[in-house]
């Protein structure tokens with residue numbers, strides 16, 4: 001069985017999914033920011049290193065230039081001296097090349113063996129009007145290696161010495177100045193002439209304002225692989241760390257998801273268990289599980305109530321009891337493997353129907369502690385009572401059909417026979433024993449007429465007209481009507497009705513009370529051992545939903561063998577009775593939606609109680625009949641049999 005329930009765990013699951021997404025995106029963003037920041041740090045470090053080396057190389061070049069100032073004739077040696085410097089510095093692992101370029105990117109002085117390389121296409125913003133000594137840095141790739149290219153625009157004096165054409169012009173200028181120096185003398189005026197030659201730019205080698213040289217750029221290529229390797233290692237570590245964190249988050253999320261799902265399944269299982277327990281406890285049928293030894297392992301509430309001792313109000317505990325201790329335990333415990341066979345037993349005044357089944361042996365998950373056999377118990381007491389009432393109604397319907405056909409055939413000749421018998425009794429009066437024979441014929445004709453009348457009363461449908469009736473008035477009329485019967489049968493009547501009215505059809509009420517009083521009088525009159533005079537007492541009392549009327553007598557009581565059949569037609573314990581009186585009483589009470597009970601013990605008299613419901617309940621019956629067709633009788637039996645059976649049990 002499946003039970004629908006609202007999924008309340010969707011909220012936490014959605015929250016977990018969103019948390020995982022936010023965690024993943026946040027982790028990726030933080031990792032990306034950390035890697036970008038680390039790359040910026042590496043690049044800044046490389047740029048600082050490159051700028052420092054670039055400044056050092058530029059200073060060394062200027063030192064060479066200053067040395068050439070002392071010996072101007074060595075000006076042509078500048079390219080070689082600069083190349084030696086570049087070559088020596090390029091032996092370091094951090095420097096790939098050092099080169100002086102013109103504005104077209106052509107190498108003028110380089111540390112490379114191939115003097116035509118490397119060729120660079122300098123950016124326009126570098127070859128433009130950039131200030132001398134201002135460094136710039138660019139990341140590039142040479143031979144699949146990452147290279148940081150740092151450069152600056154050298155001073156005009158260096159540019160002049162680097163350019164071959166300017167270098168020749170500079171040598172010519174220096175030669176002219178040497179000739180001028182010899183004409184003026186080399187004595188004490190030498191320092192003055194040199195000072196004049198070097199002012200203000202320290203001579204033609206250092207005076208940038210005196211030399212108009214095209215721009216030359218000092219460019220150094222640094223090996224960035226070492227620094228980038230560290231960066232890549234950091235990036236790989238950060239990526240792995242992020243992956244580990246994300247994987248851990250996924251694992252934790254999976255565990256949380258599994259936990260929530262397991263908790264949801266657990267809650268669903270608990271709800272299912274509670275539902276099944278509630279379902280089993282509220283079943284109208286009893287359910288019992290037995291162990292292999294016949295010990296009761298589990299039982300629902302209905303089973304406990306059905307197996308409770310008679311008259312016990314509390315529900316007993318039968319868990320752990322031996323099933324064989326019950327009166328039906330041996331037979332009901334037998335398991336039938338071929339088919340479902342219900343067995344019926346009488347237990348504590350109940351009609352029980354029991355079915356014993358084995359548990360499925362193929363169930364690998366079966367719990368042995370819950371039992372090995374299943375026993376179903378059904379209470380068929382009310383159903384059997386209804387069946388008996390229905391059978392009785394069928395019999396009454398058959399009697400009614402027979403009576404309706406026979407009554408006319410019997411009553412007409414019976415009237416003629418009684419008339420002739422009464423005539424003979426009159427003619428033969430005083431002629432014994434003929435007059436006695438004639439009187440007997442008249443009495444027997446009257447008795448037979450009463451039988452026919454009772455049969456017609458059972459067979460003839462009748463519509464009730466219930467009204468609120470004063471029982472005191474009904475009792476007084478009955479006292480007057482039957483006063484001769486009370487006197488002849490030496491019985492004292494006692495009518496002690498209460499003030500409460502009864503809601504009933506007046507004629508039907510009279511018929512019920514007449515039949516009950518007649519039975520009581522016949523019982524008292526036929527008892528030779530009973531004290532005389534006898535007593536018949538009629539009382540009334542309000543009950544739940546109606547009024548109870550009780551008829552008590554102090555006669556000999558009823559034969560116990562007739563207790564269960566007294567309401568059946570033609571069942572009587574009297575020698576001259578027809579057995580139709582109580583059957584008529586029961587049909588009248590059924591029509592009123594009431595009930596009738598009999599309590600009788602030999603030697604203690606008989607008590608008959610009839611219950612008439614109040615008007616609100618009785619008004620629901622529109623066309624209740626005393627006795628009609630088979631369908632009508634079945635309907636009456638179904639509606640009232642349970643109540644009658646319950647009252648009879650009490």
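The values are calculated or read from the model by the stated rules, or taken from the named source; none is laboratory data. In this text, all values refer to a predicted model and were calculated from it rather than measured experimentally. Every residue, glycine among them, receives a Cβ derived from its backbone with ideal geometry; neighbour counts consider all protein chains shown.
Within region 546-559, can one find any residue that is within 25 Å of residue 395 (Cβ to Cβ), part of a loop (DSSP other than H, G, I, E, B) and within 55 Å of the chain's Cα centre (by Cα)? Write out each step before concluding.
Narrowing region 546-559 to residues within 25 Å of residue 395 (Cβ to Cβ): 558-559.
Now restrict to residues that are part of a loop (DSSP other than H, G, I, E, B): 558-559.
From what is left, the residues that are within 55 Å of the chain's Cα centre (by Cα) are none.
No.
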(message) Taking the conditions exactly as written (modelled with pLDDT of 80 or more, assigned to a helix (DSSP H, G or I), in contact with a helix residue (DSSP H, G or I) (Cβ under 7 Å, 6 or more places away or on another chain) and within 30 Å of residue 236 (Cβ to Cβ)), does residue 33 satisfy them or not?
(response) no
(request) Mind listing whichever residues of region 564-599 are out of contact with any strand residue (DSSP E or B) (no Cβ under 7 Å at 6 or more places or on another chain) and outside any loop (DSSP other than H, G, I, E, B)? (result) 564, 565, 581, 582, 583, 584, 587, 588, 590
(request) Scan (1) surrounded by 15 or more Cβ atoms within 10 Å (Cβ to Cβ); (2) within 30 Å of residue 242 (Cα to Cα); (3) over 60 Å from the mean Cα position of the chain (by Cα) for the single condition residue 24 breaks and write down its number. (result) (3)
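Which one of these is at pLDDT 85 or above and surrounded by fewer than 16 Cβ atoms within 10 Å (Cβ to Cβ): 124, 84, 114?
Working: 124 fails: at pLDDT 85 or above; 114 fails: at pLDDT 85 or above.
Matching residue, one of 124, 84, 114: 84.
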(message) Scan region 240-247 and tell me whether some residue there is within 30 Å of residue 141 (Cα to Cα), assigned to a helix (DSSP H, G or I), at pLDDT 85 or above and more than 40 Å from the chain's Cα centre (by Cα).
(response) yes
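Among strands (runs of 3 or more DSSP E) lying entirely in region 324-414, which contain 3 or more residues that are assigned by TED's automatic domain parsing to the domain that holds residue 583, loosely packed, with under 11 Cβ neighbours inside 10 Å and modelled with pLDDT under 70?
Numbers: elements: 343-347, 350-358, 373-379.
The strands (runs of 3 or more DSSP E) meeting that bar number zero.
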(message) Which condition from (1) surrounded by fewer than 20 Cβ atoms within 10 Å (Cβ to Cβ); (2) in contact with a strand residue (DSSP E or B) (Cβ under 6 Å, 6 or more places away or on another chain) is the one that residue 471 breaks?
(response) (1)
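Conditions tested, residue by residue: (1) under 60 Å from the mean Cα position of the chain (by Cα); (2) under 25 Å from residue 583 (Cα atoms).
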residue	(1), (2)
463	yes, yes
466	yes, yes
472	no, no
481	no, yes
486	no, yes
499	yes, no
515	no, yes
520	no, yes
524	no, yes
(request) Taking residue 260 as the residue in question, decide whether it is part of a helix (DSSP H, G or I), at pLDDT 85 or above and at negative phi. (result) no
(message) I'd like the residue in region 276-317 that is touching a strand residue (DSSP E or B) at 6+ places or on another chain (Cβ under 7 Å) and free of Cβ contacts under 8 Å to residues at least 24 places away in the same chain and, out of all such residues, is surrounded by the most Cβ atoms within 10 Å (Cβ to Cβ).
(response) 299
(request) Quickly run through region 141-154 and pick out the residues that are surrounded by fewer than 21 Cβ atoms within 10 Å (Cβ to Cβ) and in contact (Cβ under 8 Å) with a residue 24 or more places away in the chain. (result) 142, 145, 146, 147
